[in-house]
1. Of all residues in the stretch 2-14, how many are out of contact with any helix residue (DSSP H, G or I) (no Cβ under 7 Å at 6 or more places or on another chain), under 20 Å from Val45 (Cβ atoms) and of a type outside the set (Asp, Glu)?
2. Please go through the stretch 66-93 and give me each residue that is open to solvent by 10 Å² or more (accessible area, probe 1.4 Å) and either more than 16 Å from Thr105 (Cβ to Cβ) or at pLDDT 95 or above (or both), ordered by number.
3. If the Cβ limit is 6 Å and pairs must be 6+ apart or interchain, which residue in the stretch 61-75 that is in contact (Cβ under 8 Å) with a residue 40 or more places away in the chain pairs with which residue that is in a loop (DSSP other than H, G, I, E, B) and surrounded by 15 or more Cβ atoms within 10 Å (Cβ to Cβ)?
4. If I ask for residues that are open to solvent by 70 Å² or more (accessible area, probe 1.4 Å) and not charged (D, E, K, R), which ones from the stretch 104-121 would you list?
Amino acid sequence: MDMNTWNILLVDDEVDFIVTLAERLELRGVNPRVVHDGESALKAVADNVPQVIVLDVMMPGMKGIEVLQKVKSEHPDVQVILLTGQGKTRDGIEGMRHGAFAYLTKPLDLEELIRTINEAINPPEGIPHV
């Protein structure tokens with residue numbers, strides 16, 4: 001698992017949360033790009049298509065589900081991991097219907113996120129990308 005070659009985009013309007021998450025990932029050898037809203041996420045994807053997007057569902061302006069739909073329509077191979085607040089399972093399930101790879105709830109477990117990103121990039125044998 002060579003995490004320093006992963007092309008990851010983190011998208012969340014909670015600046016402190018997402019910057020801290022990026023720093024924690026960098027300590028593990030992952031160098032993610034970070035943006036703070038849906039419009040910036042779409043621009044970042046257009047500039048350099050990531051392997052995986054870690055995307056907050058609830059953001060001001062363009063919501064995560066809308067970003068997910070736009071990304072999947074233009075780049076179906078991009079895997080999207082949605083972040084939902086506690087008790088917001090419905091948002092995660094809706095995202096899965098729109099092609100999300102997975103959804104995780106905040107507060108986030110870093111090891112679970114890394115494992116999920118790895119599975120999105122390197123699916124286990126016999127399990128194709130969606």
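1. Looking only at that region, the number is 2.
2. Listed by number, the residues that qualify are Glu66, Gln69, Lys70, Lys72, Ser73, Glu74, His75, Pro76, Asp77.
3. Pairs found: Gly64/Val57.
4. Kept after step one, since they are open to solvent by 70 Å² or more (accessible area, probe 1.4 Å), are these residues of the stretch 104-121: 107, 109, 111-112, 115, 119.
Passing the criteria: only Pro107.
The values are calculated or read from the model by the stated rules, or taken from the named source; none is laboratory data. As the structure is a computational prediction, the values presented were derived from the model and not from experiment. Neighbour counts run over all protein chains shown; Cβ positions are idealised from the backbone, glycine included. The protein model used for the area step is the full one, side chains on, heavy atoms only, and it has no ligands, DNA or RNA in it. Shrake-Rupley method; radii C 1.70, N 1.55, O 1.52, S 1.80 Å.
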